Structures are given as C-alpha cells and as structure tokens.
Amino acid sequence: MTVFSKVLYGSLHVKAYDWVEPAVLSKTKDGFPSGSTFYPLLLSHERLAKFAVDKVLTAPCVTSVLYPNAGGNLHCFTALTPCAVLDILTPTYNEQAGRKCTYYHDYPDSKLSSGVEVKDGGTEEYAWLSEIETPEDLYMRPGQYTGPAIRE
C-alpha cells in the first residue's frame, strides 16, 4: 500500500519504520519480548525494523508519502495538540489480498545487544516491533472517494 498523509490542523509526532530484510525475528523463551515487562496484548514474536521517520509535523506542512517497502509504511501518529490527519491509502485495506491493518508495540534498540548484528548504521536506528490487538481507544473515520477519476 502507498499512504498519503496530510496534517490538516494541529501538531503530531510521527514515528515510522521499514522492515529489515531479510526478516530478523527475536529469540524469546516464553513468547514475550526479552528484557521487557509483560505486555498483555502481544500476538507474535518481535521483528526487527529500521527507523525511517522520527519527527514532529505541524500544520501547515507538506504531504507525507509512505511507500509499501520504503519510507516508513509502519507508522505511528501521536497527537501533541488537538489535530486531524487525512490519510489516503491505495489500494485500500483488504485482508484477503494481504493488506491487513496491523498494530505494533515498539521496543527500543537497547535489545539489539542480544546477539543481532546490524550491517548498516548504529543500533539507535533500529527497534523491535511486536504485533498487538487493535487499540481500544483508536478512532478512525473511514470514507470512500467519490470525486472525479484520478489519472497518473
């Protein structure tokens, strides 16, 4: 999926990642992240990701574009003030087609000392991501574009 994001008003912090390829999974004894406290919504093992974006956006600002395999398609918005974001996703979520909306908890780079070797950059550029259930306090208002056809 490609994601176009525009902050309409207010400020938010954006933290975004790309998966490290080939996939690097953590080794845990009990299925929970090593060195972390119990996280009750954890659904899977951790996977290594590299930071792509870590910045504050304040309206008015340029539109952000996240590509399927680069630019931080795994992203997190944290409101710093009351704000609104227009996100355009193309193609739309479709679980049968492999485009599932997935949520993660990130664990800082300090865990890289557990034997994972990174080839480029320092450990501060990486984090472990663990899939979690959809957050209960998440609010999104979906809509369908009904305007004129968009051509490339």
Members of segment 57-71 that are within 13 Å of Ala16 (Cβ to Cβ) and β-branched (Val, Ile, Thr)
Val65
Looking only at residues in segment 45-72 that are among the small types (Gly, Ala, Ser) and open to solvent by 40 Å² or more (accessible area, probe 1.4 Å), which one is modelled with the lowest pLDDT?
Ala70
Looking only at segment 97-152, how many residues end up being among the aliphatic types (A, V, I, L, M), open to solvent by 80 Å² or more (accessible area, probe 1.4 Å) and at pLDDT below 75?
2
Restricting attention to segment 20-44, which residues are open to solvent by less than 70 Å² (accessible area, probe 1.4 Å) and modelled with pLDDT of 50 or more?
Val20, Ala23, Val24, Ser26, Thr28, Ser44
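The values are calculated or read from the model by the stated rules, or taken from the named source; none is laboratory data. Quantities reported herein were computed from a predicted structural model and do not represent experimental measurements. In this analysis, Cβ positions are derived from the backbone assuming ideal geometry, glycine residues included, and neighbour counts consider all displayed protein chains. In case anyone asks, the SASA skips ligands and DNA or RNA and just uses the protein heavy atoms, side chains included. Shrake-Rupley method; radii C 1.70, N 1.55, O 1.52, S 1.80 Å.
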